[in-house]
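Okay, structure first, notes after.
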Amino acid sequence: MAEHLKFETQYSLAGTSLSFGAIAYGCWRYAGTDVPTATAKIETALECGFTLIDTADIYGTTWPDGFGEAEALLGDVLAADRTLRERMVLATKGGIVPELPYNSAADYLISACEGSLKRLKTDVIDLYQIHRPDLLTPFEEVAEALNKLLSAGKIRSAGVSNFTVAQTNALQRYMDRPLVSHQPEFSCLETSPMTDGVLDQAQEHKMVAFAWSPLAGGQLVTGQAAGSAVEKVDRILPVLDRIAEENNCDRSAVALAWLLAHPAKVVPIVGTQTIERIRRSADALSVKMTRRDWYDILEASLGAPMP
């Protein structure tokens, strides 16, 4: 009988005592509801073991007018029940500015982080990530801001989102402490982090890799793809469905499990706003998948067998 791949259920941020579940809950579409509804989503995520809560200052109901809305709503949830903050690792991001589009100048990043702290109604952010690289700010200056935030105790750790390996190395050169995370787009449909060096770097430096859009924006759930993704999704879904049937779960759980099986510390960020789908995402942790299953999914995505 083929051996099943093993999944980790708990991770930590290097150099800290912060630990969290192998699946995270994301707040990209969190804004636009009332506090009781928003609270129910967070409580469900925590009950499922999704104890890292990921948000960003730009998340809101509209762009660019919704800036700060998701953080503000989460802050109201945390203010209404202070015990929730103690049960989570709180992560947010800054550096995207409507219409600029990016600003990682030291003064701006510090003020952006302070704005997030105020909206989230907390005195410290557990993980603060640069949302996207600002090509006009020297890495030394970006590091200056992060180092000041770390030394002031406003953030407990720092990481990067959508950075290349070279950009991460350049920023790390000026950091007083190690960067602890990458946040790339990563799914069965978008596999580039496995070949562009991001997941290799995560393993080398014991960084956590938080995968955004782990279900390809819902394409791996509904099967409704567009453009160049249609053929790829049509190849992937039958493989996901076969493994899902063997495990008595839905295809999304298999797609998440595929990420969890990677030897880098890959933590999928699920962003569903449906309570039942939050719960069902936890099925990924019990999916039984063989090495052949895993490569079947990758080969379907690539459209060719491994060399």
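The values are calculated or read from the model by the stated rules, or taken from the named source; none is laboratory data. Since the structure is predicted, the reported quantities are computational estimates derived from the model, not experimental observations. FYI the Cβ positions are ideal-geometry reconstructions off the backbone, even for glycines, and counts take in every protein chain you see. These accessible areas exclude ligands, DNA and RNA; they are computed on the full protein's heavy atoms, side chains included. Shrake-Rupley method; radii C 1.70, N 1.55, O 1.52, S 1.80 Å.
Just a few scattered comments:
- Spatial separation of Cα centroids for the range 107-165 and the range 237-307, in angstrom: 32 Å
- Between helix 35-47 and the chain: long-axis angle, C-alpha atoms, 0 to 90°, nearest 10: 60 degrees
- Contact order, relative form, for the range 1-55: 39 percent (alpha carbon pairs under 8 Å, 6 or more residues apart, mean separation divided by residue count).
- Share of carbon and sulfur in the accessible heavy-atom surface of the chain [1.4 Å probe, %]: 50 percent
- ARG277-ASP76 pseudo-label distance in nm [points 7 Å out on the Cα-to-Cβ vector]: 2.2 nm
- Helix content alone sets the calculated 222 nm mean residue ellipticity of the chain: runs of n ≥ 4 DSSP H residues at -39500 (n - 2.57) each, divided across all residues, give -12000 deg cm²/dmol.
- The chain, relative contact order [Cα under 8 Å, separation at least 6], %: 18 percent
- Karplus-derived HN-Hα couplings along the range 295-307 (A = 6.51, B = -1.76, C = 1.60, θ = phi - 60°), whole Hz, x at Gly and Pro: 6, 4, 5, 4, 5, 5, 5, 6, x, 7, x, 4, x
- Dipole magnitude (debye, nearest 20) for the chain, charges at Cβ of Lys, Arg, Asp, Glu: 520 debye
- Local electrostatic count at SER213 - Lys and Arg +1, Asp and Glu -1, tallied over other residues with Cβ under 14 Å: -2
- Taking every DSSP bridge with both residues inside the chain, close to 20 percent are antiparallel.
- Charging the Cβ of each Asp and Glu at -1 and of each Lys and Arg at +1, and nothing else, the dipole of the range 228-307 about its Cα centre rounds to 280 debye.
- Computed from backbone phi with θ = phi - 60° and the Karplus coefficients 6.51, -1.76 and 1.60, the 3J(HN,Hα) list for the range 196-202 is 8, x, 5, 6, 5, 5, 4 Hz; x is used for glycine and proline.
- Simple rule: put +1 on each Lys or Arg Cβ and -1 on each Asp or Glu Cβ in the chain, find the dipole, and look at ILE155, GLN10, MET306; the Cα lying farthest toward the positive end is GLN10.
- Residue (of PRO268, ALA255, ILE236) at the positive-pole extreme of the range 195-300, dipole from beta-carbon charges: PRO268
- Computed label-point distance, nm, for sites TYR295 and ASP107 using a 7 Å Cα→Cβ extension: 5.7 nm
- Helix 139-151 and the long axis of the chain differ in direction by around 80°, with both axes built from C-alpha atoms.
- Amide H contacts under 5 Å for ILE125: ILE155, ARG156, restricted to partners 5 or more places along the chain or on a different chain, H placed in the peptide plane at 1.01 Å from N.
- Across the range 70-76, rounded Karplus estimates of 3J(HN,Hα) from the backbone phi angles (6.51 cos²θ - 1.76 cosθ + 1.60, θ = phi - 60°) give 5, 4, 5, 5, 4, x, 5 Hz, Gly and Pro being marked x.
- The range 101-147 - percent relative contact order, Cα under 8 Å, separation 6 or more: 64 percent
- Rolling a 1.4 Å probe over the heavy atoms of the protein chains gives the chain an accessible area of 44 Å² per residue.
- Charge dipole of the range 1-97 (Cα centre as origin; +1 on each Lys and Arg Cβ, -1 on each Asp and Glu Cβ, all else neutral): 180 debye, rounded to the nearest 20.
- Helix axis angle, 229-247 relative to the chain longest principal axis, alpha carbon, degrees: 70 degrees
- Since only LEU136, PHE186, VAL208 are under comparison, the one whose Cα sits farthest along the positive direction of the charge dipole of the chain, derived from C-beta charges on Lys, Arg, Asp and Glu, is VAL208.
- Cα gyration tensor shape for the range 49-208, rounded if a/c is under 1.5, else prolate or oblate: rounded
- Around the amide H of ARG177, modelled in the peptide plane, lies no amide H under 5 Å away from a residue 5 or more places distant or on another chain.
- Close amide-amide hydrogen proximity is noted between MET289 and LEU5, each under 5 Å apart and 5 or more residues distant or on a separate chain (H modeled in the peptide plane; Pro and chain starts excluded).
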